[in-house]
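Every read-out reported here was derived from the displayed coordinates using simple, explicitly stated rules and does not represent laboratory data. All values derive from a computational prediction rather than experimental measurement. FYI the Cβ positions are ideal-geometry reconstructions off the backbone, even for glycines, and counts take in every protein chain you see.
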Amino acid sequence: MLEVEVYCGSAGPQRAIITLSIDGAEHTAASRGNGPVDALFNAIRKLVPHDDATLALYQVHAVTQGTDAQAEVTVRLSENGRTAQATAADHDTLVASARAYVSALNKLILKRGRQPVDHSDGLVRSA
């Protein structure tokens, strides 16, 4: 389960609330950021701590045309000489961002030799 709620605009700090299923139980975290994506990634970091990892790449591309275009998001995380990259697509850019981030985090956790994050449905299993 992956639920994303984001508050953004020009007035005040942006906020994100995300709910993920971790070990079969739903967990929710809220965070603020310097934009909606930063707030969203900060909320994921609260649910699955990974303090040594840094965001090395964040790219967004439209894969369809029109105002309802589907966004494809690529995220690359780096940690202690390891890198992990993932891509996700959705009509909601922030949902695609969350899925790509969780997927990259999953790959990074696998490289650590720990229990992975199940990125297929936004589900997270703790290490």
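Worth pointing out:
- Counting other Cβ atoms within 10 Å as a rough exposure proxy, the listed residues Leu110, Leu2 run Leu110, Leu2 from fewest neighbours to most.
- Taking Lys and Arg as +1 and Asp and Glu as -1, the other residues whose beta-carbon sits under 11 Å from that of Ala89 total -2.
- Cα pair distances in segment 1-63, grouped into 10 Å bins until the bin that holds the longest one, percent each: 21, 45, 30, 3
- Net charge of the neighbourhood of Ser31, taken over other residues with C-beta under 13 Å away and scored Lys/Arg +1, Asp/Glu -1, is +2.
- Computed from the Cα positions only, the extents of segment 2-112 along the three principal axes stand at 40, 28, 28 Å, in decreasing order.
- Charge dipole (the chain, unit charges on Cβ, about Cα centre) - positive-most of Ala30, Leu57, Leu2: Leu57
- Within a Gaussian network of the chain (alpha carbon springs, distance under 10 Å), most fluctuating of Leu57, Leu20, Leu47: Leu57
- The chain: angle of helix 93-112 to the longest principal axis, Cα-based, in degrees nearest 10: 10
- Rounded to 10°, Cα long-axis angle of helix 36-47 versus longest principal axis of the chain: 30
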